[in-house]
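K.L.:
Sharing a structure below in structure tokens format, with a few things to ask.
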Amino acid sequence: MKKSYIVLFLFSVIAVLGVMCLIVPEGSALRFPRLCEIFVPAQEKGPSPEELIEQRREAALAAEQDQFQVFFREDPARFYLPDGDERFFDDVFAALEQAEQTPMRIVHYGDSQIEEDRITGAIRERLQERFGGNGPGLMPGRKLSTPHMSGSSSAKLRRFFNYGGASNRASGRLYGPFADFVRLDTVTTFSFRSVTRKDQRPSSFERVTLLVGNVKNKMSASSQGDQRRVEADSAPLSFLRYELPDSSTRVSLTASGYADLYGILLDSKTGVRMDNVPMRGCSGTIFTSMDAAQLRQFYQEENVRLIILQYGGNSVPYLKTDKVISNYKENIRKQIRFVQELAPKAKIIFIGPSDMATTVNGKRQTYPKLANVVDSLRAAATECGAAYWDIYGVMGGENAMVQWVTARPPLAGPDYVHFTLAGAKKVGDMFSDAFFLYYEYYRWRKKNGR
């Protein structure tokens with residue numbers, strides 16, 4: 001049979017079937033498909049159940065991530081991070097999670113705004129509750145009174161510190177890691193005890209460490225019947241450590257000889273340790289005039305992984321022109337870089353000035369150039385690879401201090417500069433809340449492979 005006949009036959013059969021599809025009514029005993037069912041292109045195959053689940057998971061993760069991102073972009077309590085790097089704190093968080101095995105230290109330097117363990121105490125308590133540890137950290141070798149601790153020395157020792165008036169200065173650069181020391185030239189006994197309040201847990205500790213340097217001939221110190229000696233040719237900074245019974249709330253330490261005592265650390269054996277280092281009247285520009293070897297040794301020996309620098313308030317009244325503000329910014333940049341070089345494992349957070357009010361035309365209002373100072377310091381920090389936390393913005397910005405002073409109970413004092421204990425705790429809690437949100441994002445990223 002010819003091929004043309006075969007082709008003609010096939011098309012004829014198709015034509016007959018097509019006519020039947022048209023004329024046979026729906027619902028008859030014979031079932032013929034409609035032409036639209038035959039000639040409509042086949043639908044593409046849809047995603048598998050596994051693919052659908054993965055799509056939904058990615059959508060949910062994107063929504064969760066966006067919630068974090070909104071805070072990081074918009075909230076006044078956010079940290080300003082160098083290059084917007086949301087992984088900036090990852091090394092700090094990893095160290096915090098390992099603190100029960102490898103203790104880590106945080107040092108909070110600041111001006112009079114953090115005196116009496118204000119702000120620092122609230123942050124320390126939150127960190128130790130979550131990551132372990134106890135103890136108030138650094139105690140100076142002089143009379144001390146904070147909401148958490150009371151301390152004294154049986155002998156009056158001369159104090160030297162690297163800020164304030166020239167009469168406070170020592171010869172040379174050996175001020176210790178806290179820019180503040182007392183000179184031992186007799187026998188004295190240091191005594192410390194916790195002050196217990198109803199609204200907080202007692203500040204217990206398990207280890208006392210005396211920081212010693214500039215020893216002449218030799219000196220000795222004893223605690224709990226354990227005596228240690230340091231010779232004159234020792235390192236720039238010596239650590240005399242004494243183990244205490246668990247959860248001690250008081251301790252005494254006797255020292256004799258001639259040496260400079262840079263502070264006494266009351267810490268736990270594990271967990272987070274955090275020091276409060278207030279410098280009344282300081283503008284934060286003194287670090288480059290301190291001995292680099294001492295600082296480096298302390299940061300390394302104590303596994304310092306986070307350093308908070310809180311300055312600017314003392315300079316605000318004098319920063320009245322853009323040029324003066326620019327010079328201060330450059331000086332702060334030098335300090336940050338200096339500390340970074342000495343503590344390469346540590347991250348740095350710079351906290352600028354809070355809102356501060358003065359009288360302008362008979363009315364209390366924010367210092368005219370304060371917002372410019374805040375912007376300048378934020379730029380100085382982030383340009384150096386440090387983070388910035390903006391108390392001024394957290395408080396509410398311009399003229400917020402007036403509201404803090406008139407709040408009930410007052411959150412700031414009548415000088416319209418310093419926080420009350422209640423206000424300082426509020427600031428410390430807001431700092432901690434923001435810090436922990438970045439930590440939750442860190443955990444979320446680890447869990448979800450981000």
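Readers should treat all values here as calculations from the given coordinates under stated rules, not as data from a laboratory. Owing to the predicted nature of the structure, the values given are computational and were not obtained by experimental measurement. With ideal geometry, Cβ positions are generated from the backbone for all residues, glycine too; neighbour counts draw on all protein chains shown.
K.L.:
In degrees from 0 to 90, rounded to the nearest 10, what is the angle of the helix 370-383 Cα long axis to the longest principal axis of the chain?
P.N.:
Helix 370-383 and the main axis of the chain meet at about 70 degrees.
K.L.:
Follow-up question, since we're still on this one. Need the full-extension length gain, Asn327 to Arg364, defined as separation in residues times 0.36 nm minus the C-alpha distance. One decimal, nm. Don't skip to the end; give the middle numbers.
P.N.:
Numbers: separation 37, 0.36 × 37 = 13.32 nm, distance 2.76 nm.
Gain on stretching Asn327 to Arg364: 10.6 nm.
K.L.:
Fewest Cβ neighbours within 10 Å first, please rank Asp375, Asp260, Asp433 accordingly.
P.N.:
Asp433, Asp375, Asp260
K.L.:
Helix 49-74 versus the longest principal axis of the chain: what is the Cα-based angle in degrees, 0 to 90, to the nearest 10?
P.N.:
Its long axis makes an angle of about 40 degrees.
K.L.:
Looking only at the chain, where both bridge partners belong to it, what percent of the DSSP beta bridges are antiparallel (to the nearest 5)?
P.N.:
75
K.L.:
Go through (i) 18.4; (ii) 20.4; (iii) 40.8 and flag the label whose value is the computed mean projected area of the Cα convex hull in nm² for this structure.
P.N.:
The value computed from this structure is option (iii).
K.L.:
Kindly provide the trypsin sites (Lys or Arg not before Pro) of the range 328-407 that DSSP labels as loop, not H, G, I, E or B, and whose Cβ sees at most 15 other Cβ atoms within 10 Å.
P.N.:
Sites meeting the loop and neighbour criteria: Lys345.
K.L.:
Now for a different question. Mind counting lysine pairs for me in the range 296-358? Cα separation below 19 Å, and the two need to be 8 or more apart along the chain or on different chains.
P.N.:
4
K.L.:
So for the range 134-268, averaging the separation of alpha carbon pairs under 8 Å that are six or more residues apart and normalising by length, what relative contact order in percent results?
P.N.:
Normalised by residue count, the contact order of the range 134-268 is 34 percent.
K.L.:
Report the FRET efficiency, 1/(1 + (r/R0)^6), for Asp233 and Arg337, where r is their Cβ-Cβ distance and R0 is 25 Å, rounded to 0.05. Kindly include the intermediate steps, with their values, before the conclusion.
P.N.:
Working: r = 32 Å, r/R0 = 1.29.
With a Förster radius of 25 Å, E is 0.20.
K.L.:
Further question: Given Cα pairs under 8 Å that are at least 6 residues apart, what percent is the relative contact order of the chain? Could you put the intermediate results ahead of the total?
P.N.:
Values: 843 pairs, mean separation 87.0, N = 450.
Value for the chain: 19 percent.
K.L.:
Let me ask something else about it. Between Lys218 and Glu74, what is the spin-label point distance in nm, taking each point 7 Å from the Cα along the Cα→C-beta axis?
P.N.:
For Lys218 paired with Glu74, the spin-label model returns 6.8 nm.
K.L.:
Another question, then. Let's see if you can work this out: charge +1 on each Lys and Arg Cβ, -1 on each Asp and Glu Cβ, no other charges. What is the dipole magnitude of the chain about its Cα centre, in debye to the nearest 20? It would help to have the intermediate numbers written out before the result.
P.N.:
On the way: 59 positive and 51 negative charges, 170 e Å.
Dipole magnitude for the chain comes out near 820 debye.
K.L.:
Classify the range 134-268 from the C-alpha gyration tensor, please: rounded if a/c falls under 1.5, else prolate or oblate depending on whether a/b exceeds b/c.
P.N.:
Verdict is oblate for the range 134-268.
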